[in-house]
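Structure record follows, encoded as structure tokens.
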Amino acid sequence: MSQPGIPASSGALSGLQAQNGAASASGSPFTNGPIQNELMSSQGYSSQLPGSYPHLIPAKTLNPVSVQSKYGGSQTVSPLSNYQGLQTLHRPPVASNAVTPSLHSGPVPRMPQHASQNPAATPVPSGSFHPGASVPPPLNWQYNYPPTGSRTNHGSPVSSGPALSGNTNLTTGHPYVSSGDPSLQNNFIKSGPAPPLVNSPLPATLQPGAPLGPPPTGGPPPVSAHAAQKASHRAVPQPSFNSAVNQEGITSSTNNGSMVVHNSYDEIEGGGFLATPQLTNKTTPVSRSVGYSYPSLPPGYQNTAPPSAAGMPPSSLSYLSGPQAFTQTPLGANHLTASMSGLSLHPEGLRVVNLLQERNMLPPTPLQPPAPNLHEDIQKLNCNPELFRCTLTSVPQTQALLNKAKLPLGLLLHPFKDLVQLPVVTSSTIVRCRSCRTYINPFVSFLDQRRWKCNLCYQVNDVPEEFMYNPLTRVYGEPHKRPEVQNATIEFMAPSEYMLRPPQPPVYLFVFDVSHNAVETGYLNSVCQSLLDNLDLLPGNTRTKIGFITFDSTIHFYSLQEGLSQPQMLIVSDIEDVFIPMPENLLVNLNESKELVQDLLKTLPQMFTKTLETQSALGPALQAAFKLMSPTGGRMSVFQTQLPTLGVGALRPREEPNHRSSAKEIHLTPSTDFYKKLALDCSGQQVAVDLFLLSGQYSDLASLGCISRYSAGSVYYYPSYHHQHNPVQVQKLQKELQRYLTRKIGFEAVMRIRCTKGLSIHTFHGNFFVRSTDLLSLPNVNPDAGYAVQMSVEESLTDTQLVSFQSALLYTSSKGERRIRVHTLCLPVVSTLNEVFLGADVQAISGLLANMAVDRSVTASLSDARDALVNAVVDSLSAYRSSVLSNHQPGLMVPFSLRLFPLYVLALLKQKSFQTGTSARLDERSFAMCQVKNQPLVYLMLTTHPNLYRVDNLSDEGALNINDRTIPQPPILQLSVEKLSRDGAFLMDAGSVLILWVGKNCGQNFLSQVLGVQSYALIPHTMTDLPELDTPESARTIAFISWLREQRPFFPILYVIRDESPMKATFLQNMVEDRTESALSYYEFLLHIQQQVNK
């Protein structure tokens, strides 16, 4: 059945590795993979930066990988500092903290690839996602992964080697060894030792308060065969402070409890403080049962939602608050099996649905994540699914079972989400497993009062003396009642061992495009006014620093030195060789120079009103900003209104309007590697770059977006922004800037995700840089960013009933405190295919597939990504039909848990990222892909499958009451024109936009009481606000729309439309169940899926 919009499974992928192991088809000289270490020293990393915070260098060189430059964070990358144009400055004397790295400007040589790494050598079928090498390439989007080719997040982690400037006598002959088999993500890689270190000696870094002298002695726990090698590259440290944020987690396994000297990013996360004073080689025989757990206090979530989601319907999971009656239930293996066998997920969980007969399965209320099939004592302690959820709430026992289910296994995280209630622990003892460095959590087992067993690696650890006292109850001898063991989400105040330099001050640098095009849009007025309004609300303390740069064909700096009567403008016209004119006066203390800052913000919008300068030197301006911020790190906010035309990073138009609708010839890959390389340099110096693109014309967001993507920043896009012609965009920018400027921020952060022994993580998605195999570098972390990871079952889980996942985010708060936020999720292990399907989380699966599809679009093609999405549905439903269903009835039979899977995938195919046949502008498509990679799941699902409500008959029945406000809760309708009626009014919530469609025959009551007009014909064509009328109908409608807006960090514009409005096309485009010119209706799509499944 050949239908428009339905991909045919055809051909091989023309030598491109389907998942992110592919080299760039265009032969781009820069590859996003670890390269030989000598490049680092020869290309700019060897130069010592003056100033209080010298260079920060990412460590760890692993197997060579060549990876296409792209949006998703789905690869291990290694920083290269060789972008062009930043040579050593030959200038009049410059103040001592100007950053002057000497950087090489040639192309980066690729590492020769092993045959198994060569994408051309391993053709992968079209429409398949084949991340592993050890398994023969399967036909469709496949989730089987190499048995040894992934890093396991357990065992005995090691230092990834020193990586900071300074001097030390480091032996250079030892290969870097990761615990277990060293390998990267999902690239074609042979297991085995990594290439030896080949660069010049790199220094160790002294941790504050650490004793000098030889490294501590003591045998490592017998976890890895490479333990002997690991111990050998610990160097005797030199006393020097260096610029790196300490790690959220790896210490030397040879530590016997004394403080260690940390010498890289990859170390402190692994360790910092070992809670157990002794470390012996004897391993207690462990059975993998849960032992005795002590559930009593649940996590800090109440049934009321946080303010950002105030009033959302309570989750089906109950997160109780307040102390529970404590009963010490022995949750051993036998007890668990017995208690779990009697549980059923849903009364209808086992129901089989024939979608051809029961298409209308969309629930009238927001879909809740499935509750894991766990004993209630464990489940009430589990992590809130808004923060941490898994695609399969019942984890398959083996990789073979996972392959058979044809469903992806992965995690979706929202780790820094704003929380109403967050337990914060200030104890000087952070208790962690001495072997795998897991933080103690509610799912560990206490063998007795003095010993606990890790739930990730099963190591038995001693309970430190300090931990015996519970500060909440003031009782000694109840370690199981400590907050750390009662809350799945908790934050620790980190002691000095978790710092490699003093916590950085909050630094905010604003970079403004002031070319003629920029001035014409009028954006400077809005941005400067927002900054003036929110200057006192910027997160920070007395150390907060601020600075401004503007640019057109030249770069303008602003001296805000205390004592000046007005800001002083300094112009650098040599954009080929940018230098910083007065480094000490350009980033100033906000408190000390507040009046000058306010003066500048008031005068900036007028300074360039008569400019005729049309050129844009964005690249040199970013280089200048990077040099200015390198000594400290911080946040760079860049405002750009056009395609950069001058200097390094200049771009040419690539959009061809005639090719917009074709899935073949669209430019989703960056046209230059300049922005990516600069982002990696920024990441190394703890600088994140947020890009605000306010443009009416093509600006090549596919290339520009890399500056944010790899530096852990965010992209904001305001197409056709103009202060007069497009006032709704002005309102949107102001609301979103207010959130952006005032929301919580974490600096110099790193995040690591650990999982139970036997599971491994192989691919990451989001905006960050992968510093070592599993350590994500986040120069800034914000509460609106989401992340995803793909996983595989590396070793059989047959002898355990439960698995756990733990994310740990180490960051510096805006107040200068080092903190660690930890989330732990516990899930059951199952042995049958039926149970795997029963626990499938269809929204999480759809979100993970969307991330994978963005990568596929960039590394292969859009049509390949679309094929793979369709095949994901076909494969999983075929597996269900052939392996679970006993009698093959006619129709399309699906498990109840996946009843919305075809609908969500169809919605993805019609989403801006992946749609064909429409005139989607290239920048809009690139932005939609940025959003897929960076948005938390709840927002991604809303933009993919909008909610439709009828609002002309709102009532208080079933309404929520929040802060004395009554919020109506109309039922969610299917996205089909069939559900509309001409005598009603319907509101579509598509995440970033709200569309209120008013039918021709809509009742007079709604028109006058809500819209304030007397007839349908009088509804204005450009109505974007509802009048506040003194009527109950108006109050209900406005309360409902306000409540929808409050639940998200971005501001959706409201459009009130009639039948002939231009926005009607967008409204109908979002009706995903209806047929369009280029895509099937939901019913036709189900017929297509049925035909493929029954083949």
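The values are calculated or read from the model by the stated rules, or taken from the named source; none is laboratory data. What you see is a predicted model, and the numbers here were worked out from it, not measured in a lab. Virtual Cβ from ideal backbone geometry, glycine too; neighbours counted across all protein chains shown. Surface areas here come from the heavy atoms of the whole protein model, side chains and all, with no ligands, DNA or RNA. Shrake-Rupley method; radii C 1.70, N 1.55, O 1.52, S 1.80 Å.
Shown in residue order for region 567-583 are the 3J(HN,Hα) couplings computed by the Karplus curve 6.51 cos²θ - 1.76 cosθ + 1.60 at θ = phi - 60°: x, 10, 9, 10, 10, 10, 9, 7, 7, 6, 9, 5, 9, 9, x, 9, x Hz (x for Gly and Pro). Would you grab the residues whose amide H sits under 5 Å from the one on Tyr717? Only those 5+ places off in sequence or on another chain, please, with H modelled 1.01 Å from N. Result for Tyr717 returns Leu693. Full extension of the chain between Thr611 and Ser955 yields a length gain of 118.3 nm, computed as 0.36 nm times the residue separation minus the alpha carbon distance. Scalar couplings 3J(HN,Hα) for region 608-616, obtained by applying the Karplus form with A = 6.51, B = -1.76, C = 1.60 to θ = phi - 60°, are 10, 4, 9, 5, 10, 6, 9, 7, 9 Hz; x denotes Gly and Pro. Binning the C-alpha pair distances of region 587-715 at 5 Å intervals from 0 yields a P(r) profile of 2, 10, 16, 20, 18, 15, 11, 5, 2, 1, 1, 0 %, listed from the shortest bin outward. A Förster radius of 60 Å combined with the Cβ-Cβ distance from Arg982 to Gln421 puts the calculated FRET efficiency at roughly 0.80. Pairs spanning more than 29 Å between alpha-carbon atoms, out of Lys594/Lys676; Lys677/Lys757; Lys912/Lys1095; Lys744/Lys1064; Lys417/Lys732: Lys594/Lys676; Lys677/Lys757; Lys912/Lys1095; Lys744/Lys1064.
In order along region 419-428, the Karplus-derived 3J(HN,Hα) couplings, from 6.51 cos²θ - 1.76 cosθ + 1.60 at θ = phi - 60°, round to 10, 6, 10, 9, x, 10, 10, 10, 4, 6 Hz, and Gly and Pro are given as x. Packing-based ranking of 946-955, 417-426, 1076-1085, 844-853 yields 844-853, 946-955, 1076-1085, 417-426, ordered from highest to lowest mean Cβ neighbour count within 10 Å.
For region 614-725, the relative contact order works out to 29 percent when only alpha carbon pairs closer than 8 Å and six or more residues apart are counted. Each of Tyr469 and Ile1053 was given a label point 7 Å from its Cα along the Cα-to-Cβ line. The distance between the two points is 6.0 nm. These residues, Lys735, Lys757, go from largest to smallest accessible area, 1.4 Å probe, as Lys735, Lys757. Using Cβ point charges alone (K and R +1, D and E -1), the dipole size of region 975-1077 about the Cα centre works out to roughly 60 debye. Placing unit charges on the Cβ atoms of the charged side chains and taking the dipole of region 474-528 about its Cα centre, the candidate lying farthest along the positive direction among Gln504, Gln486, His516 is Gln486. Let me check against my output: what whole-number percent is the relative contact order of region 430-533, with C-alpha pairs under 8 Å and at least 6 apart? This gives 18 percent for region 430-533. Considering only alpha-carbon pairs that sit under 8 angstrom and 6 or more positions apart, the relative contact order computed for region 497-649 is 35 percent.
For the peptides 350-359, 746-755, the ranking by mean Cβ contacts within 10 Å, running from highest to lowest, is 746-755, 350-359. With R₀ fixed at 60 Å, the C-beta to C-beta distance from Ser1008 to Arg451 puts the FRET efficiency at about 0.25. For the peptides 766-775, 565-574, the ranking by packing is 766-775, 565-574, with the highest mean count of neighbouring Cβ atoms within 10 Å listed first.
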